[in-house]
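So the structure is just underneath, and the comments pick up after that.
Read the figures in this text as sums done on the coordinates, not as results from a lab. Note that the structure is a prediction, hence the values are computed from the model and not measured. Every residue, glycine as well, gets a Cβ built from its backbone with ideal geometry; the counts of neighbours run over all protein chains shown.
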Amino acid sequence: MSYLNDLRERAKAVKSIVCMGMDPIVEKIPIKGEPRQIIEEFYLDILKEMNQRDSYPAVIKPNIAYFEQYGFDGLNALKTIITQYKSSGIPVLLDAKRGDIGKTSTAYAKSVFEFWNSDAVTIAPYMGCDSVEPFIEWCEEGKGVYILCRTSNKGAVDLQDLKVDGVPVYMKLAESILQWHKPGVGAVVGATYLEELEEISRFFVGSEKEIPLLIPGVGSQGASAGEVVEVLNKTDNDILIHRINSSSGINYAYIEKDISDYAMAAVDAIEILNKEIGLCL
């Protein structure tokens with residue numbers, strides 16, 4: 001049981017390394033009803049379109065906060081969505097950014113992998129190794145754990161660019177990720193800072209440890225999937241283990257295209273990203 005092997009096999013099976021983020025905002029969804037109905041119908045219609053066209057992302061990445069904001073309506077919708085997408089063979093990476101003292105992280109990890117039945121999770125390493133280890137233990141069960149390293153938000157520079165012994169914090173985090181490494185441990189590295197993406201990618205490749213990258217920041221945040229692939233190729237990466245994320249660019253593609261068929265627009269957006277990435281198998 002190997003998360004890295006699962007990443008490779010999934011990429012080959014669907015000819016994609018696209019990660020479809022899920023950030024539901026009911027005001028942007030053209031469906032009437034209660035939040036649970038709106039969210040479920042929206043994402044299950046997209047799944048139906050995927051199944052009809054036999055066109056899939058490599059993974060979905062629900063951002064749990066977007067579901068939590070709608071209370072039990074949102075959480076029940078998330079449970080349904082995870083169950084239905086997994087029944088179509090689509091892996092789930094829960095974007096939870098958890099991280100706390102050891103016992104609390106143990107509880108968080110159990111929730112993520114047992115209750116939510118997620119295949120992978122994002123975590124925040126600010127509290128150090130004892131907050132990270134309870135998640136990493138699940139790598140032995142074939143799960144993936146993506147540790148925030150160089151994030152894609154504007155405020156990332158406030159802390160991540162600070163120097164420790166002359167080395168930026170994001171590179172210190174990269175060093176820690178290698179120290180904590182087990183097969184299945186990955187890193188979140190935003191595409192909005194392409195020079196840093198190249199620096200971190202080259203560092204991981206040079207370590208001879210396989211660190212899968214989750215790369216947000218494609219689409220509405222600025223960088224293109226093609227630019228990301230160019231960086232990964234420059235650093236001699238095995239591109240099949242990495243995932244390039246787009247959330248709003250897929251979820252709300254129908255708004256940009258000014259069409260009513262949101263499901264068709266979403267799957268079209270995934271296929272456009274696949275072409276831009278140009279995965280050759």
Length gained when the stretch residue 32-residue 97 is fully extended (0.36 nm per residue, less Cα-Cα span):
20.3 nm
Top mean-square fluctuation among 258, 45, 23, Gaussian network model of the chain, C-alpha springs under 10 Å?
258
Give the Debye-formula value of log10 I(q)/I(0) at each listed q (0.29 Å⁻¹), with one equal scatterer per alpha carbon of the range 169-208, two decimals each.
-1.13
Over the range 163-254, what is the relative contact order in percent, taking alpha-carbon pairs closer than 8 angstrom and at least six residues apart?
27
Which whole-number percentage describes the relative contact order of the range 1-118, with Cα contacts under 8 Å and a sequence gap of 6 or more?
26
The alpha-carbon center of the range 174-224 and that of the range 113-172 are separated, in whole Å, by 11
In whole percent, what relative contact order does the range 3-276 give with Cα contacts below 8 Å and a gap of six or more residues?
21
Quick one: plug the Kirkwood hydrodynamic radius of the chain (C-alpha pairs) into Stokes-Einstein at 37 °C, 0.692 mPa s, and report D in µm²/s.
174
If unit charges are put on Cβ atoms (+1 for Lys and Arg, -1 for Asp and Glu) and the dipole of the range 3-276 is taken about its Cα centre, the option from 274, 145, 160 lying farthest towards the positive end turns out to be 145
Given the DSSP H assignment, sum -39500 (n - 2.57) over each helix run of at least 4 residues in the chain and divide by its residue total; what's the result at 222 nm in deg cm²/dmol, nearest 500?
-14500 deg cm²/dmol
In Å, descending, principal axis extents of the Cα set of the range 1-80:
39, 27, 18
Give me the number: length gained by fully extending residue 169 to residue 13, i.e. 0.36 nm times residue separation minus the C-alpha to C-alpha distance, one decimal in nm.
52.5 nm
For the chain, what is the charge dipole size about the Cα centre, in debye to the nearest 20, if Lys and Arg each add +1 at the Cβ and Asp and Glu each add -1 at the Cβ?
300
Give a residue-ordered list of calculated ³J(HN,Hα) values for the range 22-27 (Karplus: 6.51 cos²θ - 1.76 cosθ + 1.60, θ = phi - 60°; whole Hz; x for Gly, Pro).
10, 10, x, 10, 4, 5
